[in-house]
Structures are given as C-alpha cells and as structure tokens.
Amino acid sequence: MTKVITFKKRSVPVHYPSEQLSYIELLHNKLLEMEYNFDFRKKWKRIKSVEMVRDVAILQYSDGTKLYLEVV
C-alpha cells in the first residue's frame with residue numbers, strides 16, 4: 001500500500017505492506033523528532049520515496065542510493 005507523508009513542506013510517497021500500518025505512525029513520530037536536525041532536513045529535500053520494512057524506513061534518493069532510518 002502507499003500513503004503520502006509530508007515533512008517540512010515536502011510530500012513523499014511511503015510504500016508499506018498492509019499489515020504494517022502502525023509503523024507509519026512511528027515514522028511520523030521519528031520525523032517530528034528529527035525536525036531540528038539540519039543535516040537530516042537537507043537530506044530530506046532529495047528523497048524520492050520511502051519504503052517501510054518493519055521498523056526501518058528506507059529513504060530512497062533519485063540517484064538510487066538509500067538511507068536507512070530506524071523508527072523505533
């Protein structure tokens with residue numbers, strides 16, 4: 001399934017299995033926690049999509065590289 005999440009005026013699609021809906025809320029909480037991390041905010045501007053695998057968010061850049069973020 002896919003849901004769009006917005007952080008700092010940038011919307012990104014989040015792909016996740018249907019049984020992992022609770023991890024979307026954990027991702028949202030983690031993004032709020034990272035709100036004042038300026039290095040992460042610069043990285044967020046280049047994110048193309050997010051894939052949730054259990055408690056790990058895989059942030060995918062447009063050039064194909066990935067950033068793994070633990071949301072728990």
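Just to be sure before I move on: is Leu69 at pLDDT 90 or above and assigned to a strand (DSSP E or B) in the structure I sent?
On the way: at pLDDT 90 or above: yes; assigned to a strand (DSSP E or B): yes.
When the stated conditions are applied, Leu69 passes them.
Kindly indicate whether any position in region 36-45 is free of Cβ contacts under 8 Å to residues at least 12 places away in the same chain and basic (Lys, Arg).
Scanning region 36-45, I find at least one residue that is free of Cβ contacts under 8 Å to residues at least 12 places away in the same chain and basic (Lys, Arg), so the answer is yes.
Filter region 33-55 down to residues that are in contact with a Phe, Trp or Tyr (Cβ under 9 Å, 6 or more places away or on another chain) and open to solvent by less than 20 Å² (accessible area, probe 1.4 Å), then give me how many there are.
Step one: list which residues in region 33-55 are in contact with a Phe, Trp or Tyr (Cβ under 9 Å, 6 or more places away or on another chain), which gives 34-35, 41, 43-44, 46-48, 50-55.
Now narrow it down to the ones that are open to solvent by less than 20 Å² (accessible area, probe 1.4 Å): 44, 47, 50, 52.
Counting residues in region 33-55 that are in contact with a Phe, Trp or Tyr (Cβ under 9 Å, 6 or more places away or on another chain) and open to solvent by less than 20 Å² (accessible area, probe 1.4 Å) gives 4.
Let's see how each residue does on (1) part of a helix (DSSP H, G or I); (2) among the aliphatic types (A, V, I, L, M); (3) over 11 Å from Leu59 (Cβ atoms):
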| residue | (1), (2), (3) |
| --- | --- |
| Thr6 | no, no, yes |
| Val14 | no, yes, no |
| Glu19 | yes, no, yes |
| Ile24 | yes, yes, yes |
| Asn29 | yes, no, yes |
| Leu32 | yes, yes, yes |
| Glu35 | no, no, yes |
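Which of the residues spanning region 56-72 are open to solvent by 50 Å² or more (accessible area, probe 1.4 Å) and in contact with a strand residue (DSSP E or B) (Cβ under 8 Å, 6 or more places away or on another chain)?
The first filter runs over region 56-72 and keeps only residues open to solvent by 50 Å² or more (accessible area, probe 1.4 Å), leaving 62-66, 68, 70, 72.
Ser62, Lys66, Tyr68, Glu70, listed by residue number.
With the requirement that a residue be at pLDDT below 90 and either in contact with a Cys (Cβ under 8 Å, 6 or more places away or on another chain) or open to solvent by less than 40 Å² (accessible area, probe 1.4 Å) (or both), what does region 5-23 give you?
Scanning region 5-23 gives a single hit, Gln20.
The values are calculated or read from the model by the stated rules, or taken from the named source; none is laboratory data. If you're wondering where the values come from, they're calculated on a predicted model, not measured in any experiment. When we count neighbours, we look across all protein chains shown, and the Cβ atoms used for this are built from the backbone with ideal geometry, even at glycine. The protein model used for the area step is the full one, side chains on, heavy atoms only, and it has no ligands, DNA or RNA in it. Shrake-Rupley method; radii C 1.70, N 1.55, O 1.52, S 1.80 Å.
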